[in-house]
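Right, one structure below, let's go through it.
The values are calculated or read from the model by the stated rules, or taken from the named source; none is laboratory data. Remember, predicted model here, so these are calculated numbers, not experimental data. In this analysis, Cβ positions are derived from the backbone assuming ideal geometry, glycine residues included, and neighbour counts consider all displayed protein chains. Areas reflect the complete protein model, heavy atoms only, side chains present, ligands, DNA and RNA absent. Shrake-Rupley method; radii C 1.70, N 1.55, O 1.52, S 1.80 Å.
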Amino acid sequence: MNRAVKNIISIVCISSVLTGCGIKRTDTKAEAEKAAVTQASSQGQEVSSFAAELADLPLYDRNNAESSLLSMSEGKNTLVVFYTSWCPHCRNYIPLVDEVYRKENGNVNFVFVNLIDSGENIRETRESGMKYHTEKAYAFPYYSADIKKSAESFGIKKIPLVLFYGKDGKLKGSLQEEFTKEDVIRETESLRKN
């Protein structure tokens, strides 16, 4: 099989297709999850399409040193914030989360994750993410992760996405795409009380 055909097959197999600020998953796992959510919803059960437990995800800092999301969050109330520099919603809402991060002063663990593309159709690179982080003078530390792994691990479909995990690593709440600073404060305070 020639390289071009392999590349086309790889592109087709990739489960994350960026559309606007949304991430569309088209694999059979996503279809199975959707069916389970639909069935649970029809039975009146409350469901979330996000990872119910904090997943391990390799993160990379400015120096490309690898860290583990689980080890950074172990035994701590943690907000995991997924974003890209090109996303208009992220450009509007990440500054709000950064303000809360500055005020929390370490009372709650915040992990901001810049979602990096790999393969074809690259819209976000570590360089573009770091440049954006520097230009905006964000207080939070810079970390990046592969967008496909992140989408698969956490059920990400749209960004920005803020997931609130308790000390036990269980999902306690989420905010997606459009929210206010007050929403972030409310969810953070609720998380701190648990």
Which residues, taken from the range 124-142, are touching a strand residue (DSSP E or B) at 6+ places or on another chain (Cβ under 8 Å) and assigned to a loop (DSSP other than H, G, I, E, B)?
-> Glu124, Thr125, Tyr138, Phe140, Pro141, Tyr142
Unmet criterion (only one of (1) out of contact with any Leu (no Cβ under 8 Å at 6 or more places or on another chain); (2) on the phi < 0 side of the Ramachandran plot; (3) surrounded by 21 or more Cβ atoms within 10 Å (Cβ to Cβ)) for Glu152 | (3)
Which numbered condition Asn121 misses (of (1) outside any helix (DSSP H, G or I); (2) within 12 Å of the chain's Cα centre (by Cα); (3) among the polar types (S, T, N, Q)) | (2)
Which pairs do you get when a residue that is in a strand (DSSP E or B), found in the range 59-76, comes within reach of a residue that is at pLDDT 95 or above and open to solvent by 70 Å² or more (accessible area, probe 1.4 Å), reach meaning Cβ atoms under 6 angstrom, with the pair 6+ apart or on two chains?
-> Tyr60/Glu66
Do the conditions hold for Tyr138, that is, is it closer than 20 Å to Glu104 by Cα, among the aromatic types (Phe, Trp, Tyr) and either over 15 Å from the mean Cα position of the chain (by Cα) or open to solvent by 10 Å² or more (accessible area, probe 1.4 Å) (or both)?
-> yes
Members of the range 119-128 found to be under 21 Å from Ser67 (Cβ atoms) and surrounded by 13 or more Cβ atoms within 10 Å (Cβ to Cβ), listed by number = Glu124, Thr125, Arg126, Ser128
Scan the range 166-178 residue by residue and report those that are farther than 14 Å from Phe82 by Cα and either part of a strand (DSSP E or B) or open to solvent by 40 Å² or more (accessible area, probe 1.4 Å) (or both).
-> Lys167, Asp168, Lys170, Leu171, Lys172, Gly173
Hey, Ala30 open to solvent by less than 40 Å² (accessible area, probe 1.4 Å), at pLDDT below 50 and more than 26 Å from Asn194 (Cα to Cα) or not | yes
Filter result for Ser71 (among the polar types (S, T, N, Q), open to solvent by 60 Å² or more (accessible area, probe 1.4 Å) and at pLDDT below 95) | yes
If you go through the range 135-146 one residue at a time, do you hit one that is over 20 Å from Arg102 (Cα atoms), out of contact with any His (no Cβ under 8 Å at 6 or more places or on another chain), modelled with pLDDT of 95 or more and among the aliphatic types (A, V, I, L, M)?
-> yes
Looking across the range 82-109 at residues that are in contact (Cβ under 8 Å) with a residue 60 or more places away in the chain, open to solvent by less than 40 Å² (accessible area, probe 1.4 Å) and outside any helix (DSSP H, G or I), the single one that is farthest from Ala139 (Cα to Cα) is Cys87
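Only one residue in Lys131, Lys193, Lys158 is within 17 Å of Phe82 (Cβ to Cβ) and either loosely packed, with under 14 Cβ neighbours inside 10 Å or touching a residue at least 60 places away in the same chain (Cβ under 8 Å) (or both), so which one is that?
Details: Lys131 fails: within 17 Å of Phe82 (Cβ to Cβ); Lys193 fails: within 17 Å of Phe82 (Cβ to Cβ).
Checking each option against the conditions leaves just Lys158.
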